[in-house]
Every structure is written in structure tokens, then in C-alpha cells.
Amino acid sequence: MTEPSARRRPRLPFSPWHLLLAPLALLFAVPLIWLGLSSVMSDAEINRFPPALWPSGIHLGGYRFVLGNAMFPRWFANSLIVSAVAVVSNLLLGTLGGYAFARMRFGGSRVLLVLMLATMAIPFQLTMIPTFLVMRKLGLVDTLGALIVPSLVTPFAVFLLRQFFLSLPRELEEAAWIDGCSRLRVLFQIVVPLSRPALSTVAVLTFLTTWNDLSWPLIALNHDANYTLQLGLTTFRGQHHTQWSAVMAGNVITVLPVLLAFLAAQKTFVRSITSTGLKG
């Protein structure tokens with residue numbers, strides 16, 4: 001005999017996992033909250049010990065300094081150009097490479113795949129000197145091309161898209177082949193529209209990596225007119241005096257595009273991560 005509905009155990013309006021995830025999310029958000037609060041503090045409040053936990057007022061001196069810097073719009077545009085080109089090229093070349101490894105069988109394909117994945121284990125410190133020498137031979141040192149060319153396609157983009165393509169049913173492609181579609185037409189008219197979650201993930205991760213990169217621009221660029229946003233912000237730190245309010249304000253402006261990009265693609269990002277592990 002079933003219990004009366006009035007005696008049933010009340011159900012939570014959310015998943016019980018949220019009771020654990022909400023405090024963890026707040027913990028991870030603390031640095032971001034502190035960055036936002038510090039950007040509206042004065043230098044005296046930031047340098048105070050013990051540090052102030054809440055600003056005494058809204059001080060916009062850091063934002064005025066950053067936005068009033070003549071080079072800041074140029075740095076922002078440089079970062080935007082490099083990141084946009086890297087995203088578009090990784091989507092295009094990663095799609096072609098991932099589909100080739102997923103659906104085409106050619107001599108040495110397995111070996112090439114293993115070698116490509118092995119490059120992901122090589123740290124940047126071992127490749128920066130050879131990469132710099134190649135860029136110098138190409139005449140791209142101290143230009144945005146030195147930042148764009150090494151980022152045109154990454155092994156991660158090819159591998160992630162390959163894994164997603166493997167999870168798609170072959171029957172859709174075979175039906176298109178029977179109707180006379182070429183392989184490229186099948187790829188761009190059937191496979192690519194079904195791969196939006198994986199493509200969004202590649203776009204977000206590529207944008208985040210390229211936008212936040214500091215090590216390679218520090219090596220490849222010399223003149224401040226070619227600096228990216230991350231490299232330009234380092235000029236706010238002097239040997240004897242650092243304008244921390246300007247540094248914090250600049251970092252807030254730098255974080256906003258990445259945060260907005262992730263929020264716009266978070267649903268497809270999660271769908272892609274769960275789909276790429278279905279089939280290997």
C-alpha cells in the first residue's frame with residue numbers, strides 16, 4: 001500500500017550536488033571578486049597591511065590611467081586580431097585534420113596521430129627557441145605574424161574534433177555519398193552542423209589560450225606598438241613603483257572578453273566534453 005502524498009519526503013527544487021558545488025564555485029570565484037574590488041581601490045588601500053577587504057569608496061583612477069594610455073587600444077586590437085585569427089584557423093584546419101583522422105584511412109595515419117598527440121607532451125620551454133629561429137628565418141620576429149603562425153592549428157583542436165567526429169553515426173555520411181555528395185560537401189554540410197558543441201569548445205579554449213598568452217609574445221615582440229594586451233600590462237609595473245590600481249583595472253578589462261566568451265558557450269562546452277569520450 002502506497003503512502004499518502006502528504007507523507008512523502010519533500011524534494012529539493014535543485015540537485016543535491018548543488019549543495020557541494022555552490023560553495024566550491026564561490027571559493028573559485030573569490031580571486032575574481034577580489035580582482036574586481038581591488039580595481040576600484042586606491043593604491044594606498046591595496047598596499048595596506050593587512051589588506052583592505054572592502055574599498056572605502058569607488059576609486060576609478062586605475063581605469064582612467066589604463067583607458068587614458070595611448071597604447072592600450074592598440075594592445076587590445078593586437079590581442080583581438082591574434083586571437084580571432086587563431087580561432088578561425090583552428091576551426092578550419094582542426095576540422096579538416098580531425099575529419100581526416102576520424103574517417104579516412106591512409107598509410108601511416110595511426111603513426112601520424114600518435115606523433116601528433118606526442119607533441120602535446122612537449123613543454124613550451126623546449127620548443128620556444130626552435131620556434132623563434134623559424135620565425136626569424138621567415139622575417140616575422142617583432143610582428144603579429146610571429147604570434148599567429150605558431151597558433152594556426154593545435155594538436156588539441158585536431159584531437160578533440162576527431163573524437164567528436166567518431167561519435168557521429170556513419171550512416172548520415174554514407175547516405176550523402178550515395179546521393180552523390182563529395183567528401184568535402186559531406187563534411188561542411190552534414191558533419192560540421194552536427195559538431196557545433198565541439199567547435200564551440202575549440203573556439204573558446206583557443207581564444208582563452210591565445211588571449212592569455214604572455215610567454216611567447218614576451219620573446220617574439222620588441223616594440224610596444226606590437227604588444228598584446230597581456231604583455232602591455234606588464235609595463236605598468238615599474239622597478240621602484242607599481243600602480244597596482246592600474247594593474248587591477250587592466251586585468252579586469254582583460255578578463256571580461258574571456259569570461260563573456262565562456263558564458264556564451266558554456267552549454268555547448270559541457271555537451272562537447274561529455275560527447276568526445278563516447279567513442280575512441
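The values are calculated or read from the model by the stated rules, or taken from the named source; none is laboratory data. As the structure is a prediction and not an experimental result, all values here were calculated from the model. Cβ atoms come from the backbone with ideal geometry, glycine included; neighbour counts cover every protein chain shown. SASA here: full protein model, heavy atoms, side chains in, ligands and nucleic acids out. Shrake-Rupley method; radii C 1.70, N 1.55, O 1.52, S 1.80 Å.
Quick notes on this one:
- The residues listed here are Val247, Val202, Val255; of these, the one that is open to solvent by less than 40 Å² (accessible area, probe 1.4 Å) and more than 27 Å from Leu140 (Cβ to Cβ) is Val247.
- Flag if Arg74 is among the basic types (Lys, Arg), assigned to a loop (DSSP other than H, G, I, E, B) and either modelled with pLDDT of 85 or more or at negative phi (or both): no
Per-residue answers, yes or no, for (1) touching a residue at least 60 places away in the same chain (Cβ under 8 Å); (2) of a type in the set (Val, Ile, Thr):
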site	(1), (2)
Arg185	no, no
Gln189	no, no
Val192	yes, yes
Ser195	yes, no
Leu208	no, no
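- The single condition among (1) part of a loop (DSSP other than H, G, I, E, B); (2) open to solvent by 80 Å² or more (accessible area, probe 1.4 Å) that Leu115 does not meet is (1).
- Restricting segment 68-79 to residues that are hydrophobic (A, V, I, L, M, F, W, C) and free of Cβ contacts under 8 Å to residues at least 12 places away in the same chain, the residue that is most open to solvent (accessible area, probe 1.4 Å): Ala70
- Residues satisfying the stated conditions in segment 31-58, i.e. closer than 15 Å to Thr242 by Cβ and among the aliphatic types (A, V, I, L, M): Met41, Ala44, Ile46
- Among residues of segment 249-266 that are over 16 Å from Gly62 (Cα atoms), those with a beta-carbon under 9 Å from a residue that is surrounded by fewer than 19 Cβ atoms within 10 Å (Cβ to Cβ) and of a type in the set (S, T, N, Q) at least six positions away or on a different chain give the pairs Val258/Asn212.
- Exclusive hit being in a helix (DSSP H, G or I) and modelled with pLDDT under 75, set Thr254, Thr268, Thr209: Thr268
- Within segment 31-57, residues that are open to solvent by 40 Å² or more (accessible area, probe 1.4 Å) sit with their Cβ atoms under 8 Å from residues that are β-branched (Val, Ile, Thr), at 6+ positions apart or across chains, in these pairs: Leu32/Val255.
- So Leu19, is it closer than 30 Å to Ser245 by Cβ, among the aliphatic types (A, V, I, L, M) and either open to solvent by less than 80 Å² (accessible area, probe 1.4 Å) or at pLDDT 75 or above (or both): no
- Conditions (1) farther than 13 Å from Pro155 by Cα; (2) out of contact with any Ser or Thr (no Cβ under 6 Å at 6 or more places or on another chain); (3) part of a helix (DSSP H, G or I): number failed by Phe106: (3)
- Filtered residues of segment 142-166 (kept if assigned to a loop (DSSP other than H, G, I, E, B) and open to solvent by less than 40 Å² (accessible area, probe 1.4 Å)): Asp142, Leu144
- Across segment 167-193, the qualifying residues are those that are surrounded by 15 or more Cβ atoms within 10 Å (Cβ to Cβ) and of a type in the set (A, V, I, L, M), and the one among them that is nearest to Asp224 (Cα to Cα) is Val192.
- Once segment 212-224 is narrowed to residues that are open to solvent by less than 30 Å² (accessible area, probe 1.4 Å), in a helix (DSSP H, G or I) and hydrophobic (A, V, I, L, M, F, W, C), the residue that is nearest to Leu92 (Cα to Cα) is Trp216.
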